[in-house]
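Enquirer: Shown below is the structure under consideration.
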Amino acid sequence: MSAPRRTALITGITGQDGLYLAELLLAKGYAVHGLIRGQHNPKRELVEQLVPDVRLHHGDLTDQSSLLRALRACEPDEVYNLGAVSFVAYSWQNPHVTTDVTALGVLNLLEALRLHSGDDTSAVRFYQASSSEMFGKVQESPQHERTLLWPRSPYAVAKAYGHHLTVNYRESYALHASSGILFNHESPRRGPEFVTRKVSQAVARISLGLQDDLVMGNLDAERDWGFAGDYVEAMWLMLQQDVADDYVVATGQTHSVRELLDVAFACAGIDDWTPYVRQDAQHLRPAEVDRLVGDAGKARRVLGWQPRVGFHELVAMMVESDLAEQKHHL
Ligand code: NAP
Ligand code: F7E
């Protein structure tokens, strides 16, 4: 007799990771449900086009009863909390909204899960999308699961709350709740506000003559950039473990924004990007995270996870995808 079909609920289904995770779980035979917010969500069409087998439920992380209704409607075995206000720069402009969604949304969902599960608290497995931004003003390098958190933005503070709450609910109520501390991960589906996609889109448009220049912030910041398709696999692996835990997911390699510009422009055949790029203080942050690099040794040892796509391949994938997309505008 074959095993019963497993069911997953994903918050943040319209985001970069939500789409990759939905594809992964559908390929594994899961029944996949997604939480979608707003009376008319412009990204609904994209979800329906890319993952038509996902069943969507209306709900918002700030509205606890909507979360409870979604849980009752789908009776999930696994819940992946990917929903968040996720753009760091925006979090200084909208700290309350960021806190309501990215911090208190985790509380709402964990409490809804407890109400839904009753006494059987370990029946549903929970994944929290934590972030390397929590390391902020880093206290050691590379960063690992026990590195002291020093968040540097309202977003990072909100993520630190969600991370600690997830650990606390695991310890208080024996919930199978894991926190994935993921370093930056990118793809052609990355939102255009994030630096990798902003650069890949601009490179494509500049090389096609559709745009003259690119206005940037801090070119010296360094990030450990991986491929989102690889990282959602780590999320799934965490929930397949008998015991819930916390894991850093990273490539172990760091690159500056300047190097990102070198590689991206070179992909379009432009060796010197200086005539096209200028810096403007409007893109500088009140407090910067200078350099992140992760130690994913535990994920490698316990989960058997490792990244497949390297930095150059990732940037080339994004530039090629944007070139193909921008050619339609010619
Ligand atoms: P993303 O593309 O910005 O997606 C964020 C998702 O959250 C969207 O689906 C968005 O829905 C949803 N959302 C926003 N406000 C919500 C609310 N009030 N209620 C319910 N859903 C809401 O982010 P991502 O890159 O896929 O990242 C997924 C998660 O991992 C996020 O929690 C992010 O903070 C975290 N993370 C990301 C990275 C990374 O490098 N990508 C690294 C570490 C952690 P709408 O379409 O309706 O806005
Ligand atoms: O910035 C610098 C910027 O916005 C990366 C989110 O997914 O990853 C992401 O957060 C770096 C920063 O990502 C521009 O100052 C320079 O140092 O792509 P980003 P992020 O802030 O690292 C973490 C892990 C998350 O959890 C978040 O949700 O690039 N930078 N010039 C710029 N950044 C942007 N966006 N735009 C610029 O013009």
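The values are calculated or read from the model by the stated rules, or taken from the named source; none is laboratory data. Note that this is a predicted model, so its numbers are computed, not measured. Positions of Cβ are backbone-derived with ideal geometry, glycine not excepted, and every protein chain shown enters the neighbour counts. What goes into the accessible areas is simple: the full protein's heavy atoms, side chains included, and nothing from ligands, DNA or RNA. Shrake-Rupley method; radii C 1.70, N 1.55, O 1.52, S 1.80 Å.
Enquirer: What are the ³J(HN,Hα) values, in whole Hz, obtained from phi via the Karplus relation 6.51 cos²θ - 1.76 cosθ + 1.60 with θ = phi - 60°, for each residue of region 30-47 in sequence order, with x given for Gly and Pro?
Expert: 6, 8, 10, 10, x, 9, 10, 10, x, 6, 9, 8, x, 8, 4, 4, 4, 5
Enquirer: Under 15 Å from a label point 7 Å along Cα→Cβ of R5: give me every residue in region 28-67 with its amide N that close.
Expert: Only 28-34, 52-56 pass the distance filter.
Enquirer: While we're here: Helix-derived [θ] at 222 nm for the chain: sum -39500 (n - 2.57) over DSSP H runs of at least 4, divide by residue count, nearest 500?
Expert: -11500 deg cm²/dmol
Enquirer: Shifting gears a bit: Given Cα pairs under 8 Å that are at least 6 residues apart, what percent is the relative contact order of region 227-330?
Expert: 44
Enquirer: When the label point is put 7 Å from the Cα of Q282 along its Cα-to-beta-carbon vector, which residues of region 62-92 have a backbone N closer than 18 Å?
Expert: It comes to 88-92, nothing else.
Enquirer: Which residue fluctuates the most in the chain, going by a Gaussian network model with Cα springs under 10 Å, if the choices are A73, A250, A177?
Expert: A73
Enquirer: Could you please put H116, H96, H57 in sequence from largest to smallest accessible area, using a 1.4 Å probe?
Expert: H96, H116, H57
Enquirer: Moving on. Step through the residues of region 272-280 one at a time and calculate ³J(HN,Hα) from phi using the Karplus curve (6.51 cos²θ - 1.76 cosθ + 1.60, θ = phi - 60°), rounding each to whole Hz and writing x for Gly and Pro.
Expert: Each residue's phi maps through the Karplus curve to give 10, 8, 4, x, 9, 10, 10, 9, 9 Hz.
Enquirer: Please report the net charge: other residues with Cβ closer than 11 Å to the Cβ of T11, K and R +1, D and E -1.
Expert: Local charge sum for T11: -1.
Enquirer: In the Gaussian network model of the chain, springs joining C-alpha atoms below 10 Å, which of P76, P95, P188 carries the largest mean-square fluctuation?
Expert: Of P76, P95, P188, the most mobile in the Gaussian network model is P95.
Enquirer: Can you compute the modelled spin-label distance between E193 and Q253, with each label point 7 Å from Cα toward Cβ, in nm?
Expert: It is 2.9 nm.
Enquirer: Next up: Check R125: other-chain or 5+ apart residues with amide H under 5 Å from its amide H, H built from backbone geometry?
Expert: Under 5 Å from the amide H of R125 lie the amide H atoms of E78, V79, each far enough along the sequence or on another chain.
Enquirer: With label points built 7 Å along Cα→Cβ from the Cα atoms of N41 and E140, find their separation and express it in nm.
Expert: My value for the distance between the label points is 4.0 nm.
Enquirer: Express the relative contact order of the chain as a whole percentage, based on alpha carbon pairs under 8 Å and six or more residues apart in sequence.
Expert: Across the chain, relative contact order equals 17 percent.
Enquirer: Long-range amide H contacts for G226: which residues qualify at under 5 Å (H placed 1.01 Å from N, peptide plane, sequence gap of 5 or more or a different chain)?
Expert: Under 5 Å from the amide H of G226: H185, E186.
Enquirer: Could you provide, to the nearest whole Å², the per residue accessible area of region 194-330 with probe 1.4 Å?
Expert: 46
Enquirer: Apply 1/(1 + (r/R0)^6) to the Cβ-Cβ distance of A27 and H328, taking R0 = 45 Å, and write down the FRET efficiency to the nearest 0.05.
Expert: The calculated FRET efficiency here is 0.95.
Enquirer: List, in order, the whole-Hz ³J(HN,Hα) value for each residue of region 233-247 obtained from phi through the Karplus relation with A = 6.51, B = -1.76, C = 1.60 and θ = phi - 60°; use x for Gly and Pro.
Expert: 3J(HN,Hα) across region 233-247, in whole Hz: 5, 5, 4, 4, 4, 4, 7, 8, 7, 4, 10, 6, 7, 10, 9.
Enquirer: In square angstrom, rounded to the nearest 10, how much accessible surface does T102 have for a 1.4 Å probe?
Expert: About 0 Å², rounded to the nearest 10.
Enquirer: Computed FRET efficiency, Cβ-Cβ of E75 and R300, R0 41 Å: what is it to the nearest 0.05?
Expert: Approximately 0.75, to the nearest 0.05.
Enquirer: Then there is this: How big is the accessible area of S66 in square angstrom, nearest 10, if you roll a 1.4 angstrom probe over the protein chains?
Expert: The accessible area comes out at roughly 10 Å².
Enquirer: Which of the pairs K43/K137; K28/K137; K159/K298; K159/K198; K43/K159 have their Cα atoms more than 31 Å apart in this structure?
Expert: In this structure, K43/K137; K28/K137 exceed 31 Å between Cα atoms.
Enquirer: Could you check the spin-label model distance between S172 and R114? Points 7 Å from the Cα along Cα→Cβ, value in nm.
Expert: 0.4
Enquirer: What GluC sites (Glu not before Pro) does region 156-246 have in DSSP loop regions with at most 16 other beta carbons within 10 Å?
Expert: E193
Enquirer: Check each of the trypsin sites (Lys or Arg not before Pro) in region 242-330 and keep only those in coil by DSSP with at most 12 other C-beta atoms within 10 angstrom; list them in order.
Expert: Passing sites in region 242-330 are R308.
Enquirer: Can I ask one more? Taking H placed 1.01 Å from N in the peptide plane, check which residues at least 5 places from V249 or on another chain put their amide H under 5 Å from its amide H.
Expert: Answer set, sorted by chain and number: I181, L182, F183.
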